[in-house]
1. Within region D:126-150, track down each residue that is under 20 Å from D:His102 (Cβ atoms) and out of contact with any Phe, Trp or Tyr (no Cβ under 9 Å at 6 or more places or on another chain).
2. Can you tell me which residue among B:Arg161, B:Arg171 is charged (D, E, K, R) and in contact with a Ser or Thr (Cβ under 7 Å, 6 or more places away or on another chain)?
3. Here are some conditions: (1) assigned to a loop (DSSP other than H, G, I, E, B); (2) away from chain B (no Cβ under 11 Å); (3) free of Cβ contacts under 8 Å to residues at least 40 places away in the same chain; (4) surrounded by 15 or more Cβ atoms within 10 Å (Cβ to Cβ). A:Ala95 meets all but one. Which one does it not meet?
4. Taking the conditions exactly as written (aliphatic (A, V, I, L, M), more than 17 Å from the chain's Cα centre (by Cα), closer than 21 Å to B:Gly30 by Cβ and facing another protein chain (nearest Cβ under 10 Å)), does C:Leu122 satisfy them or not?
5. Scan region B:127-153 for residues that are in contact with a Gly (Cβ under 7 Å, 6 or more places away or on another chain) and free of Cβ contacts under 8 Å to residues at least 24 places away in the same chain and report the count.
6. Got at least one residue in region B:10-28 being within 15 Å of the chain's Cα centre (by Cα) and of a type in the set (Val, Ile, Thr)?
7. Keeping to region A:128-171, report how many residues are aromatic (Phe, Trp, Tyr) and either buried (at least 23 other Cβ atoms within 10 Å of the Cβ) or more than 14 Å from chain D (Cβ to nearest Cβ) (or both).
8. Can you tell me which residue in region C:122-167 is nearest to C:His188 (Cα to Cα), limited to those that are in a helix (DSSP H, G or I) and charged (D, E, K, R)?
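The values are calculated or read from the model by the stated rules, or taken from the named source; none is laboratory data. Given the structure is predicted, the values throughout are model-derived calculations rather than measurements. Note that each Cβ is placed from the backbone with ideal geometry, even for glycine, and that neighbours are counted across all protein chains shown.
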Protein chains: 4
Amino acid sequence: MSAPPSNASNVKELLCELCRLFYQQGWVSGTGGGISIREGDRVTMAPSGVQKERLRPEDLFELDVDGRVLKAPEGNAKLSACAPLFFHAFELRDAGAVIHSHSMNAMLATLVFGDELRVTHLEMMKGIRGTGYHDELVVPILENTAHECDLADAMADAMRRYPKTFAVLVRRHGVYVWGRDWVEAKTHAECYDYLFEAAVKMKQLGFDPSSAPERNPE
Amino acid sequence: MSAPPSNASNVKELLCELCRLFYQQGWVSGTGGGISIREGDRVTMAPSGVQKERLRPEDLFELDVDGRVLKAPEGNAKLSACAPLFFHAFELRDAGAVIHSHSMNAMLATLVFGDELRVTHLEMMKGIRGTGYHDELVVPILENTAHECDLADAMADAMRRYPKTFAVLVRRHGVYVWGRDWVEAKTHAECYDYLFEAAVKMKQLGFDPSSAPERNPE
Amino acid sequence: MSAPPSNASNVKELLCELCRLFYQQGWVSGTGGGISIREGDRVTMAPSGVQKERLRPEDLFELDVDGRVLKAPEGNAKLSACAPLFFHAFELRDAGAVIHSHSMNAMLATLVFGDELRVTHLEMMKGIRGTGYHDELVVPILENTAHECDLADAMADAMRRYPKTFAVLVRRHGVYVWGRDWVEAKTHAECYDYLFEAAVKMKQLGFDPSSAPERNPE
Amino acid sequence: MSAPPSNASNVKELLCELCRLFYQQGWVSGTGGGISIREGDRVTMAPSGVQKERLRPEDLFELDVDGRVLKAPEGNAKLSACAPLFFHAFELRDAGAVIHSHSMNAMLATLVFGDELRVTHLEMMKGIRGTGYHDELVVPILENTAHECDLADAMADAMRRYPKTFAVLVRRHGVYVWGRDWVEAKTHAECYDYLFEAAVKMKQLGFDPSSAPERNPE
């Protein structure tokens with residue numbers, strides 16, 4: 001269940017299945033968002049600007065870890081403009097999978113925070129590797145750019161400056177989330193999305209998600 | 001995946017499948033809304049006042065581009081009152097597909113804006129052909145009428161006056177969205193719906209979706 | 001597609017299918033809510049207090065139009081306490097199907113209105129038989145009772161006093177919706193639910209759903 | 001339909017099916033939450049930290065009622081840290097199933113109430129065994145802890161002090177809900193979740209969910 005698939009056709013089917021799931025969750029509507037999975041030296045990635053929920057295994061790109069295309073789908077598919085962002089997570093953070101989501105929760109969370117989203121004392125924080133309930137979870141927020149490729153340097157910089165985060169938010173855009181393999185990346189993505197939703201709703205209800213609750217018996 | 005289907009039975013099955021999807025998204029509940037697809041000279045359209053998520057290929061109308069019925073479903077099915085609106089998009093904007101949605105997001109968006117919805121600096125704007133992140137996306141809002149057919153002239157007028165839009169909102173009603181083929185129409189519909197939702201939620205959170213953010217490093 | 005099924009096993013399968021759909025929409029969670037279908041002299045109804053989304057045809061009751069049980073499911077199933085309410089719609093309003101929903105939208109709508117919910121100038125009103133866009137749609141709101149059967153007299157009274165409504169709301173509880181057959185009852189239920197949601201959200205956004213918009217060109 | 005399954009493979013398949021359902025409802029995202037079912041002396045439980053919606057029967061633990069593992073899944077699966085909490089419900093309240101949900105509704109409800117959530121005059125309260133419409137439904141709220149096992153004593157204490165509740169909320173975390181068998185536990189979980197959502201939305205709309213409505217004719 002939790003082991004990553006061990007051959008090319010499996011990982012491609014898995015990637016298509018996950019895209020259908022993310023579509024149902026509203027993370028990849030309008031052809032936006034996606035996921036890239038790295039297994040050892042081989043990276044699998046969806047093309048740019050296509051309906052993610054309708055991907056078939058033969059639509060996917062295969063690349064090596066240096067970003068060279070090993071196998072391109074037939075037709076005029078273009079590699080995603082997110083590719084450099086995904087590769088930064090593979091190289092700088094040893095990620096095995098990166099999810100890019102246009103979740104409304106992530107987008108709204110970038111509006112109500114400044115350079116960093118900070119939350120604390122929420123059980124779902126425990127789903128992020130290395131984070132406990134009483135910690136402060138910090139997610140850097142980058143300013144968005146006209147072209148996705150222009151985010152790459154800022155993304156690499158954020159990944160280096162925030163070694164404990166597994167997510168980088170992009171203002172008025174969405175979020176990049178990663179993990180050591182697809183299972184951890186998906187788990188992280190679900191936990192972060194819950195925390196983004198919680199942070200926005202807490203603000204609407206008059207609570208500060210960045211502050212420890214006043215009444216805290218421990 | 002992205003190529004439109006090339007024969008009549010395929011396009012009819014596709015139209016039924018898309019209606020099921022739109023129903024799940026809340027765009028065509030209560031028999032409202034729908035989609036029409038044009039392939040060359042042939043237009044496929046659902047009848048009026050029927051449950052869109054339960055359509056079968058044999059329930060659909062086939063028309064020529066002048067709106068003449070080539071093939072009607074058995075029984076007493078009536079052509080949709082939206083037909084003239086759909087044909088305006090085919091003729092004036094060379095659309096290959098038009099989606100009409102009663103999405104709550106679209107309806108609420110028409111309440112919080114006047115004659116035009118304006119948003120800017122939202123990544124999902126990039127999913128609309130010809131629109132960039134720093135642009136201003138403008139969607140005209142028509143006043144609703146007692147009978148859908150009475151919208152036709154105002155719709156044609158809006159399509160001429162706003163050559164960059166691929167959507168026209170109708171006050172307290174919903175939205176018409178189109179694209180060069182069904183894939184682009186669906187992508188546009190998903191992006192616009194996200195933007196309508198974002199605009200309403202931004203207003204609720206105290207942000208003006210029409211204004212560029214104050215802190216904008218580019 | 002729109003014709004009601006013509007034999008007992010069909011109508012039972014249909015009723016189970018509709019309950020699964022209503023469960024997905026949040027109308028019948030926690031064993032609440034349901035649907036009853038009348039075909040001529042025969043009425044089909046779900047038992048009380050069971051998981052509506054897991055019903056099988058053999059779990060259903062068959063009754064005559066006077067409410068006598070013709071066929072009961074095996075075991076100790078109890079007839080729904082809603083039965084008298086459903087029969088009032090069959091008798092007084094010639095309904096072919098009645099849907100009882102615990103929708104959160106319906107429940108919240110009963111909080112923000114007094115004895116009647118009133119909305120106007122919303123396109124989805126057209127989905128209710130006999131109602132146009134410029135009309136005022138009025139739905140009576142009954143006070144809830146400790147036991148569902150105690151609602152019966154007030155329900156019958158409301159059905160007589162509001163001959164144009166196809167729905168009766170019950171305070172802090174939900175709604176009963178009917179139509180001439182299951183298709184119309186389901187269409188009405190979807191349109192009313194949309195209108196309840198719209199009315200609550202309009203209030204939250206500062207708009208009065210009971211008033212015609214100030215700027216109305218017609 | 002309502003009878004619990006009578007052999008080990010059935011109960012394991014059921015548990016996996018329910019986890020898929022709870023995932024769709026947002027109760028067990030990010031590997032959090034879950035369900036444990038007791039049939040007589042045998043308890044079935046999911047491992048900790050795994051994707052609940054992807055569980056297979058062979059992934060589950062079997063335990064006796066004293067918490068001893070009778071059968072562990074292959075590999076390095078760990079027993080859930082919730083296990084002691086589940087067993088308290090089995091022992092102290094004779095539960096046949098316990099559901100642990102990270103529902104956003106439950107989490108937000110713990111923010112807007114103090115030591116106890118109190119609601120009244122809501123029809124869905126009737127779905128909780130022993131509770132009527134005019135009663136007051138009280139759910140204790142425990143303070144969350146860094147480690148789930150540290151909740152066990154407070155949970156046992158709350159189960160003893162609140163003999164009428166079938167749920168215990170945990171601040172900024174979620175809820176534990178039980179029933180005499182899986183059907184009642186699921187029904188309770190759905191009703192409580194509705195009530196949590198209603199309570200938060202009522203507060204947002206300016207209504208006090210703890211107070212009887214002023215206008216109450218009975």
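1. So in region D:126-150, the residues under 20 Å from D:His102 (Cβ atoms) come out as D:139-150.
Correct list: D:Leu142, D:Glu143, D:Glu148, D:Cys149, D:Asp150.
2. On the way: B:Arg161 fails: in contact with a Ser or Thr (Cβ under 7 Å, 6 or more places away or on another chain).
Among B:Arg161, B:Arg171, only B:Arg171 is charged (D, E, K, R) and in contact with a Ser or Thr (Cβ under 7 Å, 6 or more places away or on another chain).
3. Only one criterion is unmet by A:Ala95, namely (3).
4. On the way: aliphatic (A, V, I, L, M): yes; more than 17 Å from the chain's Cα centre (by Cα): yes; closer than 21 Å to B:Gly30 by Cβ: yes; facing another protein chain (nearest Cβ under 10 Å): yes.
Yes.
5. Going through region B:127-153 one residue at a time, the tally reaches 1.
6. yes
7. The initial filter retains those residues of region A:128-171 that are aromatic (Phe, Trp, Tyr), namely A:133, A:162, A:166.
Within this subset, residues satisfying the condition of being either buried (at least 23 other Cβ atoms within 10 Å of the Cβ) or more than 14 Å from chain D (Cβ to nearest Cβ) (or both) are A:162, A:166.
Total meeting the criteria: 2.
8. Going through region C:122-167, the residues in a helix (DSSP H, G or I) turn out to be C:123-127, C:148-161.
So of that shortlist, the ones also charged (D, E, K, R) come out as C:123, C:126, C:148, C:150, C:153, C:157, C:160-161.
On the way: C:Glu123: 13, C:Lys126: 10, C:Glu148: 22, C:Asp150: 25, C:Asp153: 23, C:Asp157: 21, C:Arg160: 19, C:Arg161: 19 Å.
Here the residue is C:Lys126.
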